[in-house]
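All of the numbers you see were taken from the coordinates with simple rules; none came from a lab. Since the structure is predicted, the reported quantities are computational estimates derived from the model, not experimental observations. Note: ideal-geometry Cβ built from the backbone for every residue, glycine included; neighbour counts use all protein chains shown.
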Amino acid sequence: MNQSKISRRYERSENMIIRTEDIRDHEEVYTLNYHAFENREDESKLIERIRSSSSFIPELSLIAEFDQKVVGHALFSKAEVVGENGSHDVIVLAPIAVHPDYQKQGIGTKLIKEGLLRCTQLGYPVVLLIGHPAYYPQLGFKPASHYGFTLTQFEVSDDVFMAYELINDATHAIRGELRYPKAFF
């Protein structure tokens, strides 16, 4: 995909900015994810593995900054769907975190919407995720099985494995099994 299509725009909302992550943000992103995921390092270390992999797309690592403090982060990265029509690049969303002091204020939603816009600009057909079945459908995500996607790498129920179609009817040509890259394991 042509990453030069991404506009280097910032989305401002009051004192909050949604922007592309910079190398100077790495430590704050690690700490943010640690606190957002109840003092676990799993997600923070996942981000580090993704950043050092071929699945990493720098323009799809997004920061929510409030008064010059990183309060949210969303990471969209490359994966593949393998099916009867071959292998196709897709995007997976994981992880996404908002600092506990800033949750339930729409920051996660703004990060996701900006990420979906950027994924569309890059020409990706679909974003897939494993997530909360009450939250993501509000943003337009549907059960991935609706589009013909399966997942065997993780044992999850149908209602938490979801997809967001970025290009209308593109999923008809890419049905198959989502395969998360090695960085996720």
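Overview of values
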{"item": "Mean Kyte hydropathy of -0.5 or more with a Cα span along the axis of at least 18 Å, helices from DSSP in the chain", "result": "107-121"}
{"item": "Using θ = phi - 60° and Karplus 6.51 cos²θ - 1.76 cosθ + 1.60, couplings along segment 172-185 (whole Hz; Gly, Pro as x)", "result": "4, 8, 10, 4, x, 8, 6, 10, 5, x, 3, 4, 7, 10"}
{"item": "Pairwise label distance in nanometres, THR31 with GLN103, each label 7 Å out on the Cα-Cβ vector", "result": "2.0 nm"}
{"item": "5 angstrom amide H check on SER53, placed H, neighbours 5+ away", "result": "none"}
{"item": "Segment 149-184 versus segment 40-61: alpha-carbon centroid distance in Å", "result": "19 Å"}
{"item": "Residues VAL156 and GLU41, FRET efficiency given R0 of 25 Å [Cβ-Cβ distance, rounded to 0.05]", "result": "0.70"}
{"item": "In order through segment 135-140: 3J(HN,Hα) via Karplus (6.51 cos²θ - 1.76 cosθ + 1.60), integer Hz, x for Gly, Pro", "result": "8, 5, x, 5, 9, x"}
{"item": "Semi-axis lengths, Å, the chain, gyration tensor of Cα atoms, sqrt of 5 times eigenvalues", "result": "26, 17, 16"}
{"item": "Placed amide H near ALA79: partners under 5 Å, 5+ positions off or other chain", "result": "VAL90, ILE91, VAL92"}
{"item": "Computed E for HIS172/SER53 - FRET, C-beta separation, R0 25 angstrom, nearest 0.05", "result": "0.30"}
{"item": "TYR135 long-range amide H proximity, modeled H, under 5 Å", "result": "none"}
{"item": "The chain: most fluctuating residue of GLU65, GLU41, GLU155 per GNM, C-alpha cutoff 10 Å", "result": "GLU155"}
{"item": "Cα gyration tensor category, rounded, prolate or oblate, for segment 131-185 with a/c compared to 1.5", "result": "oblate"}
